[in-house]
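Quick notes on the structure that follows.
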Amino acid sequence: MSFRTSWILTRAAALTITGATLGAQTPPPVAQQITAAIQALPKELRDGAGVMGYKTAGKLEWLRPAKNGMMCLADDPAEEQFHVSCYHDSMDPFMARGRALRESGVKGAQVDTVRFAEVKAGKIKMPTAPASLYQIFGKKDAFDAASGTVKQGNPLFVVYIPFATTATTGISTTPSDTKPWLMFAGTPKAHVMFSLTM
């Protein structure tokens, strides 16, 4: 695995687990948050994507509704790094539960322990078809408001296939920069990782 891929995965895990770290910060204008958030998506999916962001510091809420099944999370001003993500709304019950657990104080791997148990109990509905996730990571000033683009961001693209394994997909679980590989195989958050160098 390359240093770049390792760095992205490390940052993804850190942001997913720890969330905000800088305390209350004044959110950027709503239009700017929306423009930044949808940069993670292919251009043809941007106009119809819903966006959740911050009108008030620390309070994630809808900035515009989803019209095409994709929803995006704006960069949190309280985080140390720039991070936007967009995913298919079929994954939202799982994603939203993770956010709620972290907000309540649940930390680290315990978030997935709780979610996996709730999936097994039927409390969280997982998608029955593949579901995409697009992300961009970068330094805090990665988004250039003047041009409406992300500068020197590190994109990450995965496709969730809950409970997928090598046996059910034919995809290796060995990390690779040149081939798709399966992460968290056999779990509710099993997903295929894709590299931009492919």
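The values are calculated or read from the model by the stated rules, or taken from the named source; none is laboratory data. Owing to the predicted nature of the structure, the values given are computational and were not obtained by experimental measurement. Using ideal geometry, Cβ is built from the backbone for each residue, glycine included, and neighbour counts are taken over all protein chains shown. The area values use the complete protein model at the heavy-atom level, side chains included, leaving out ligands, DNA and RNA. Shrake-Rupley method; radii C 1.70, N 1.55, O 1.52, S 1.80 Å.
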Just the residues that are in contact with a strand residue (DSSP E or B) (Cβ under 7 Å, 6 or more places away or on another chain) and open to solvent by 50 Å² or more (accessible area, probe 1.4 Å), please, taken from the range 46-66.
55, 60, 62, 64, 65
Here are the criteria: (1) closer than 23 Å to residue 151 by Cβ; (2) at pLDDT below 95; (3) polar (S, T, N, Q). Tell me which single one residue 33 does not satisfy.
(2)
Looking only at the range 182-198, count every residue that is in a loop (DSSP other than H, G, I, E, B), in contact (Cβ under 8 Å) with a residue 12 or more places away in the chain and either among the hydrophobic types (A, V, I, L, M, F, W, C) or surrounded by 13 or more Cβ atoms within 10 Å (Cβ to Cβ) (or both) and tell me the total.
9
So, in the range 67-79, how many residues would count as being at pLDDT below 95 and either part of a strand (DSSP E or B) or open to solvent by 50 Å² or more (accessible area, probe 1.4 Å) (or both)?
0
Test set (1) within 16 Å of residue 134 (Cα to Cα); (2) in contact (Cβ under 8 Å) with a residue 24 or more places away in the chain; (3) not basic (Lys, Arg) - residue 98 fails condition number
(1)
Just give me the residues in the range 141-166 being within 28 Å of residue 117 (Cβ to Cβ), in a loop (DSSP other than H, G, I, E, B) and open to solvent by 60 Å² or more (accessible area, probe 1.4 Å), in sequence order.
163
Within the range 80-117, which residues are touching a helix residue (DSSP H, G or I) at 6+ places or on another chain (Cβ under 9 Å) and open to solvent by less than 20 Å² (accessible area, probe 1.4 Å)?
82, 84, 85, 86, 87, 94, 98, 101, 111, 115
Count - residues of the range 128-140 that are more than 16 Å from the chain's Cα centre (by Cα) and either hydrophobic (A, V, I, L, M, F, W, C) or crowded, with 16+ Cβ neighbours inside 10 Å (or both):
1
Looking at residue 106 and the list (1) in contact with a Phe, Trp or Tyr (Cβ under 8 Å, 6 or more places away or on another chain); (2) assigned to a loop (DSSP other than H, G, I, E, B); (3) within 23 Å of residue 60 (Cα to Cα); (4) aliphatic (A, V, I, L, M), which single condition is not satisfied?
(1)
Residue 179: passes all of (1) charged (D, E, K, R); (2) open to solvent by less than 20 Å² (accessible area, probe 1.4 Å); (3) farther than 26 Å from residue 69 by Cβ but (2)
